[in-house]
């Protein structure tokens, strides 16, 4: 019975670490850029778009398609960074269990 108690204690500790990782992720933000910084997009840890910065030089061109492409590219970069941050935080919290297939919060 001591083994079950130890396992339950470890499970509780893991759960606490995962919760901390989720809180750290929620408090984080990531930025993506496109066009050598002409467009910058910031996402919260929850994936919400919190800021978009567009260089005034893009506004004089009148080429909406280029601007749209740059915003999409910046968002894609920010989303990829957010996914990497999430996976890193969850791997750190999970320790050796992170290598198990299908562990929550980790992408293959």
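What number of residues within the stretch 25-43 are over 21 Å from residue 91 (Cβ atoms) and in a strand (DSSP E or B)?
Step one: filter the stretch 25-43 for residues over 21 Å from residue 91 (Cβ atoms), giving 31-42.
Okay, now just the ones that are also in a strand (DSSP E or B), so 31-34, 39-42.
So the answer is 8.
If you take the residues in the stretch 46-83 that are in contact with a helix residue (DSSP H, G or I) (Cβ under 9 Å, 6 or more places away or on another chain) and assigned to a helix (DSSP H, G or I), which one is modelled with the lowest pLDDT?
Within the stretch 46-83, the match that is modelled with the lowest pLDDT is 59.
Looking at the stretch 13-45 only, could you name the residues that are out of contact with any helix residue (DSSP H, G or I) (no Cβ under 9 Å at 6 or more places or on another chain) and modelled with pLDDT under 85?
13
Considering only residues that are within 12 Å of the chain's Cα centre (by Cα) and exposed (fewer than 14 other Cβ atoms within 10 Å of the Cβ), look in the stretch 50-82 and name the one that is nearest to residue 22 (Cα to Cα).
Only one residue tops the list, namely 80.
The values are calculated or read from the model by the stated rules, or taken from the named source; none is laboratory data. Quick caveat, the model's predicted, so the values are computed rather than measured. With ideal geometry, Cβ positions are generated from the backbone for all residues, glycine too; neighbour counts draw on all protein chains shown.
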